[in-house]
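Just below is one structure, and these are the notes that go with it.
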Amino acid sequence: MTKEQLYNLKIAPLQESAQRKAQARLDAIAKPLDGLGQFEKLIVQIAGITGSDKIQIDKRAILAMCADNGVVAEGVTQTSSEVTAIVAVNMATGRSSVNRMAAVGGTEVFAADIGICTEVDCNSLRQCKVRCGTADFLTEPAMSEAEALQAVEEGIRWVKECKEQGYQILGTGEMGIGNTTTSTAVGCALLGLSAEEVTGRGAGLDDAGLARKKMVIARAIERYDLYGKDALTILHTVGGLDIAGLVGIFIGGALYHIPVVLDGMITAVAALAAQRLVPGVRDYLIASHLSKEPITRRMMEELALCPVIQASLALGEGTGAAMLFPLLDMALTVYRENDSFDEMQIDAYERF
């Protein structure tokens, strides 16, 4: 994929007729108007995305992008990069937290090696490696523009395959030691924020580690003069291959009319980058939860998304998306199966 091809992608608006039918069905159900709160808005949104008020989300999966980040060399994490490959294999073989949680809701989990720094021998781990980890962005750009575009294309391709296989909704996840540093750097640059005000502790940095993380992000943004730069420049300069792959998944969801559920902060940053690169993507996104990482709230505000779950989650891997799916199932059961006011022969509520 070239930059020109990426910028020329067009996202269709949501189908209004399907949205009107879904809203009419929700209003006809014998319950208080808007009684399902935010879930009613999500049902209408999904109808618009898929083009049908006959909503089915039984066949679903979480797609997790896994990659290493060279900025780990700056001491911004508690653990070393070796952990990325270990957890990626656990995710691919069904042994990680997201697998346990997703299984409860009947959700499949797939993991991809888009940039792990070692060669991983695991048949169930999708192989789409762009390079073996990114560079330390404090000393040189994380990756080339061409590599970022390749990672975006890999994400789009994955969604296309899921569409062809009949998946009806997708969740997103990631794994990559150091990726709260890369994602915070990308988010700060996209929104013009200072590292001091929005950098979090990631997997649990102490005060000294947090101060070092803030310094690394601030220096990189200053070195490359990233405030005001376009999203692709920011992405390849201080981003990660996992983030770039997620950007592709979000764009792919919009291109192929599949709703895509965000997980936490890292997926939110990728979603904002996707929206900046290809306007209209945000209409196809659903926010599962509000991560406790400080920058997440600013991302959600910029995207005009309202996270459903607010529980200070910080597990990653796609676990927030896994938690949302059973809640959507419950709301859709009411939508499909409850009697209407007419069927119960009682007067319907009216909107004023």
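State which residue pairs qualify: first residue more than 24 Å from D58 (Cβ to Cβ) and inside segment 336-351, second residue among the charged types (D, E, K, R) in any location, beta carbons under 7 Å apart, and separation of 6 or more residues or different chains.
F341/D347
For segment 143-166, indicate whether the set of residues that are among the polar types (S, T, N, Q), within 17 Å of the chain's Cα centre (by Cα) and within 30 Å of L125 (Cα to Cα) is non-empty.
Checked segment 143-166: no residue is among the polar types (S, T, N, Q), within 17 Å of the chain's Cα centre (by Cα) and within 30 Å of L125 (Cα to Cα).
May I ask you to list the residues in segment 146-169 that are outside any helix (DSSP H, G or I) and either more than 26 Å from R298 (Cα to Cα) or touching a Leu at 6+ places or on another chain (Cβ under 7 Å) (or both)? Walk me through how you get there before you give the answer.
From segment 146-169, those outside any helix (DSSP H, G or I) are 165-169; that's our starting set.
Result: Q165, G166, Y167, Q168.
Scan segment 55-65 for residues that are buried (at least 21 other Cβ atoms within 10 Å of the Cβ) and either closer than 20 Å to G204 by Cα or basic (K, R) (or both) and jot them down.
The answer is R60, and nothing else.
In the set G240, G166, which member is under 21 Å from I62 (Cα atoms) and surrounded by fewer than 18 Cβ atoms within 10 Å (Cβ to Cβ)?
G166
List the helices (runs of 4 or more DSSP H) that sit entirely inside segment 170-288 and contain at least 2 residues that are over 14 Å from the mean Cα position of the chain (by Cα) and touching a residue at least 40 places away in the same chain (Cβ under 8 Å).
179-191, 195-198, 207-224, 231-238, 265-277
Over 30 Å from I55 (Cβ atoms), free of Cβ contacts under 8 Å to residues at least 60 places away in the same chain and outside any strand (DSSP E or B): does that describe A135? Full working, then the answer.
Working: over 30 Å from I55 (Cβ atoms): yes; free of Cβ contacts under 8 Å to residues at least 60 places away in the same chain: no; outside any strand (DSSP E or B): yes.
For A135, the condition - over 30 Å from I55 (Cβ atoms), free of Cβ contacts under 8 Å to residues at least 60 places away in the same chain and outside any strand (DSSP E or B) - is not met.
Just give me the residues in segment 177-213 being buried (at least 20 other Cβ atoms within 10 Å of the Cβ) and among the basic types (K, R), in sequence order.
Hit for segment 177-213 is K213, nothing else.
Let's see how each residue does on (1) surrounded by fewer than 16 Cβ atoms within 10 Å (Cβ to Cβ); (2) in a helix (DSSP H, G or I):
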site	(1), (2)
M300	no, yes
E317	no, no
A321	no, yes
L328	no, yes
L332	no, yes
Y335	no, yes
D342	yes, yes
D347	yes, no
F352	yes, no
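For segment 302-315, name all the residues that are part of a helix (DSSP H, G or I) and touching a residue at least 60 places away in the same chain (Cβ under 8 Å). Break it down stepwise before answering.
Here is the first cut: in segment 302-315, the residues part of a helix (DSSP H, G or I) are 302-303.
Once the filter is applied, which keeps residues that are part of a helix (DSSP H, G or I) and touching a residue at least 60 places away in the same chain (Cβ under 8 Å), segment 302-315 yields only E302.
Which condition from (1) within 19 Å of A64 (Cβ to Cβ); (2) among the β-branched types (V, I, T); (3) crowded, with 22+ Cβ neighbours inside 10 Å is the one that I309 breaks?
In the conditions (1) within 19 Å of A64 (Cβ to Cβ); (2) among the β-branched types (V, I, T); (3) crowded, with 22+ Cβ neighbours inside 10 Å, I309 misses (3) alone.
Take T2 and decide whether it is more than 22 Å from E343 (Cα to Cα) and touching a His at 6+ places or on another chain (Cβ under 8 Å).
Spelling it out, it is not the case that T2 is more than 22 Å from E343 (Cα to Cα) and touching a His at 6+ places or on another chain (Cβ under 8 Å).
I need the full set of residues from segment 236-274 which are over 13 Å from L285 (Cβ atoms), of a type outside the set (A, V, I, L, M) and in contact with a Pro (Cβ under 9 Å, 6 or more places away or on another chain), in order please.
Once the filter is applied, which keeps residues that are over 13 Å from L285 (Cβ atoms), of a type outside the set (A, V, I, L, M) and in contact with a Pro (Cβ under 9 Å, 6 or more places away or on another chain), segment 236-274 yields H236, T237.
Readers should treat all values here as calculations from the given coordinates under stated rules, not as data from a laboratory. The model shown is predicted, which means the values in this text are computed figures rather than measured ones. As a convention, Cβ positions derive from the backbone with ideal geometry for all residues, glycine included, and neighbour counts pool all protein chains shown.
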